[in-house]
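Below is one structure, written out as structure tokens; comments come after it.
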Amino acid sequence: MTSTLEPVCRPGGWSDDTLPRSALFGLAPEGSTGDTLEELSSYFRRLSAHHNLLPWTLAFHAVTPLICGRKQNVANTCYNLDICGVGERAVKWLNALNRLTLRHDLQSTTLLSLRSVVSNYGLISPVERFCPGCYANDERAGREKYNRLLWAIRCVTACPLHGVALKPVPQAQCRFGRISWLPGVSAFDGMSLANDIAEEARPHEIRIGWLVAELLDHANLHPNSFSHAPAIPAFIRHAIEVLFKGSLADFSRHLEVPSSQLHNYMTGKTRPTLPWIVLIAYCCGCTVSDVLNGTKSILTKRAFPPLKEVVLVRRTGREGGKKKPKTVLIAELNKLIKSGTVTCRKEAADTLAISVSYLRRLAPTQAAFLVERGKQHRRHLADANEDAKFAEFYQSYSSLKEDSGAFSVEKILADVRARTKITLSYSQQRRFKRRLKDLTSKGNEGKLAHGNRGRLHRDSS
């Protein structure tokens, strides 16, 4: 693509009163209820697949010019979950895709209908997660697998439909190593994630999932009901009066929070984040909408849940490892390096609960070693993943040659795409054509020389 796409246009020779045509396909988002709504990143990745383009390529040429010009850092956000949140980035992406597709229902793929009542802090999960059962339902229904908006919300740790814990999506560690970018397909081997086995979730995790799903359902059906400021202080005063006989201290002990923090919520001095709002609704036996709207509903006291992850409601102590003596930290770091448990400096810092900068000051020699190990690990992943892609490319070449004897690169790419949902970049196509030419010219078609692969080809390109 050499020119910027126009959001809407009319083909040449068409009359002015003809309805304009969209620049991109008007693909419909999946889902209709709070537990099945699709999130915007998943929608855009499926949309790029319908155009036979990589998500980054489509974002760079079509979406980025409508946001702030052709900047690579904007195109890189096409995989980020925060484009379905409540921040300014979500607003820009939603407006751009609405213009490009001429659709008016894409707001259901974001949380923007809750923008007036929830904070962006602690809202979106830092990693992509999934439920194997939901992907299996997609396959049985014969539709494309897609990611649910519910999975992108950080305080949701379980799928309420199947009662299993959400699993993090395995991600390739470098930009050359992604085999597939479609939802529901592993980035390492291209296999369906519907076959993964998930752990059974605990009852309170399932209940929290249902509470957030009901909130999304309500926001989708009544988008204007959350356009005003939240009435959380009125609900807290009602809950204290009904459940705790007017005692703020008893309510704070029930929620396991300081009285000053709850007092700030009640007076409106500070606004609780969505995880806190969901926790208040859980402990009071009501819906999240009741808390946000200050509804004086019938309340039921429920015990504080045994939280497995403190990130549900509290800030994590990133620097907690600093409390240990330096000699102990260095000994633990050396043990991690010797065992091969960590593959880079950041993993070691996260394991020790310290920052990367503190690790670099604490043990500069070990930190430099971990940097080199991380480079080697990413290079190894890139080599292995590109070899896996070339194996699929070679398999399609062999089958086409055996069936008809006539083949072309376009037919090979189409066969790879139909079998594995893998789309190759232009640079990969050039490298694979050179590798295939080398194999056929040397009479080595029966074997794939993985060790003599393509880093030289990749570097030369």
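The values are calculated or read from the model by the stated rules, or taken from the named source; none is laboratory data. Quick caveat: nothing in here was measured; it's all calculated off a predicted structure. Because the Cβ atoms are built from the backbone with ideal geometry, glycine has one as well, and the counts that use them run over all protein chains shown. The protein model used for the area step is the full one, side chains on, heavy atoms only, and it has no ligands, DNA or RNA in it. Shrake-Rupley method; radii C 1.70, N 1.55, O 1.52, S 1.80 Å.
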(message) Condition first: at positive phi and either in contact with an Asp or Glu (Cβ under 7 Å, 6 or more places away or on another chain) or of a type in the set (S, T, N, Q) (or both). Now tell me which residues in segment 37-83 satisfy that.
(response) N52
(message) From the list A418, A382, A388, A414, exactly one residue is of a type in the set (G, A, S), closer than 30 Å to C344 by Cβ and open to solvent by 30 Å² or more (accessible area, probe 1.4 Å). Which is it?
(response) A388
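Residue by residue, here is whether (1) surrounded by fewer than 18 Cβ atoms within 10 Å (Cβ to Cβ); (2) assigned to a helix (DSSP H, G or I); (3) of a type in the set (A, V, I, L, M); (4) modelled with pLDDT of 90 or more holds:
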position: A239; (1), (2), (3), (4): no, yes, yes, yes
position: S260; (1), (2), (3), (4): yes, yes, no, no
position: H263; (1), (2), (3), (4): yes, yes, no, no
position: A281; (1), (2), (3), (4): no, yes, yes, yes
position: D290; (1), (2), (3), (4): no, yes, no, yes
(request) Name the single residue, out of those in segment 164-196 being at pLDDT 80 or above, of a type in the set (A, V, I, L, M) and part of a loop (DSSP other than H, G, I, E, B), that is surrounded by the most Cβ atoms within 10 Å (Cβ to Cβ). (result) L166
(request) Only one of these is within 17 Å of L102 (Cα to Cα) and modelled with pLDDT under 90: V8, V74. Name it. (result) V8
(request) Kindly establish whether K323 is under 28 Å from G122 (Cβ atoms) and surrounded by fewer than 17 Cβ atoms within 10 Å (Cβ to Cβ). (result) yes
(message) Here's a check for you: in segment 234-260, which residue that is in contact (Cβ under 8 Å) with a residue 24 or more places away in the chain and among the β-branched types (V, I, T) is farthest from K301 (Cα to Cα)?
(response) I236
(message) Six or more apart or on different chains, Cβ atoms under 8 Å: show the pairs whose first residue is in segment 17-43 and without any contact (Cβ under 8 Å) to a residue 12 or more places away in the chain and whose second is among the hydroxyl-bearing types (S, T, Y) and not in a strand (DSSP E or B).
(response) none
(request) Check F432, F407 and return the single one that is buried (at least 18 other Cβ atoms within 10 Å of the Cβ) and either at pLDDT 85 or above or not in a helix (DSSP H, G or I) (or both). (result) F432
(message) Return the residues of segment 20-70 that are in a helix (DSSP H, G or I) and open to solvent by 20 Å² or more (accessible area, probe 1.4 Å); say none if nothing qualifies.
(response) H50, W56, T57, F60, H61, P65, L66, I67
(request) Kindly provide the set of residues from segment 82-92 that are assigned to a helix (DSSP H, G or I) and open to solvent by less than 40 Å² (accessible area, probe 1.4 Å), ordered by number. (result) I83, C84, A90, V91
(message) Considering only residues that are surrounded by fewer than 17 Cβ atoms within 10 Å (Cβ to Cβ), part of a helix (DSSP H, G or I) and touching a residue at least 60 places away in the same chain (Cβ under 8 Å), which ones fall in segment 211-232?
(response) P223, S225
(request) Only residues in segment 159-171 that are at positive phi count as the first member; pair them with residues that are in a loop (DSSP other than H, G, I, E, B), Cβ under 7 angstrom, at least 6 apart or cross-chain, and list the lot. (result) G163/A201
(request) Inspect all residues belonging to segment 333-342 and state whether any of them is open to solvent by 50 Å² or more (accessible area, probe 1.4 Å), touching a Lys or Arg at 6+ places or on another chain (Cβ under 9 Å) and modelled with pLDDT under 85. (result) yes
(request) Only one of these is open to solvent by 50 Å² or more (accessible area, probe 1.4 Å) and of a type in the set (S, T, Y): Y79, Y135. Name it. (result) Y79
(request) May I ask you to verify whether K375 is open to solvent by 80 Å² or more (accessible area, probe 1.4 Å), under 24 Å from P170 (Cβ atoms) and at pLDDT 85 or above? (result) yes
